[in-house]
Amino acid sequence: MTFHEFLIETKREELIDVTEKVREAVRASAVKDGLCVVYCPHTTGAITVNEGYDPDVRPDFLLGLREAFPDRREFLHAEGNSAAHIKSSVVGCSETLIVENGKLVLGQWQTIYFCEFDGPRTRRFYVKVIS
Ligand code: ZN
């Protein structure tokens, strides 16, 4: 089984460390050498890889995005979450990672994050491991 779906509960705006869940999916797949795709099927969420060592990176990341893409009264989208849609596309809906010797290859300080830009919601993300 190389396709895994995970459910998570999110706050208004946050980065959630999903690295351990992705490692679980890689272990369960038994793939030794291949690729692992982590995919967010939402239009106001995203997947990224960034520093996990200093917890201050997460709020700084969100602050930077809020300042780069503020809510604007000129936005037309009736749901009122256009800034979240923009952040979702800028950060991106997936990451492709390397699986080597049955393990995920990540840099020493790297963490895989699910990014919430318009919570709180129940979200899902997918992990596909390909040999
Ligand atoms: Zn919307």
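Condition check for residue 83 on (1) closer than 21 Å to residue 124 by Cβ; (2) open to solvent by less than 50 Å² (accessible area, probe 1.4 Å); (3) of a type outside the set (Lys, Arg); (4) within 16 Å of the ligand (Cβ to nearest atom): one failure, at (1). In the stretch 30-38 there is no residue that is open to solvent by less than 20 Å² (accessible area, probe 1.4 Å), on the phi > 0 side of the Ramachandran plot and in a loop (DSSP other than H, G, I, E, B). Just one residue in the set 51, 116, 95, 67 is at pLDDT 95 or above and within 16 Å of the ligand (Cβ to nearest atom); that residue is 116.
Checking the condition open to solvent by less than 80 Å² (accessible area, probe 1.4 Å) and more than 16 Å from the chain's Cα centre (by Cα), which residue from 22, 99 passes? Among 22, 99, only 99 is open to solvent by less than 80 Å² (accessible area, probe 1.4 Å) and more than 16 Å from the chain's Cα centre (by Cα). Just one of the numbered conditions (1) acidic (Asp, Glu); (2) surrounded by 11 or more Cβ atoms within 10 Å (Cβ to Cβ); (3) not in a helix (DSSP H, G or I) is not true of residue 60: (3). Out of the residues in the stretch 118-131 meeting the condition of being in contact with a Phe, Trp or Tyr (Cβ under 9 Å, 6 or more places away or on another chain) and open to solvent by 70 Å² or more (accessible area, probe 1.4 Å), tell me which one is nearest to residue 62 (Cα to Cα). The qualifying residue nearest to residue 62 (Cα to Cα) is 124. Return a yes/no flag: does the stretch 109-117 have any residue that is free of Cβ contacts under 8 Å to residues at least 24 places away in the same chain and open to solvent by less than 80 Å² (accessible area, probe 1.4 Å). Scanning the stretch 109-117 turns up no residue that is free of Cβ contacts under 8 Å to residues at least 24 places away in the same chain and open to solvent by less than 80 Å² (accessible area, probe 1.4 Å).
Residue 41 meets the stated requirement of being of a type outside the set (S, T, N, Q), in a loop (DSSP other than H, G, I, E, B) and within 17 Å of residue 124 (Cβ to Cβ). Looking at 24, 5, 20, just one residue is away from the ligand (no atom under 16 Å from the Cβ) and assigned to a strand (DSSP E or B), and that residue is 5. For the stretch 43-57, taking the residues that are within 21 Å of residue 23 (Cα to Cα) and among the charged types (D, E, K, R), the one that is surrounded by the fewest Cβ atoms within 10 Å (Cβ to Cβ) is identified as 54.
The values are calculated or read from the model by the stated rules, or taken from the named source; none is laboratory data. Remember, it's a predicted structure, so these values are computed and weren't measured experimentally. Glycine also receives a Cβ, built like all others from the backbone with ideal geometry; neighbour counts cover every protein chain displayed. Just the protein is used for accessible areas: all its heavy atoms, side chains included, with ligands, DNA and RNA removed. Shrake-Rupley method; radii C 1.70, N 1.55, O 1.52, S 1.80 Å.
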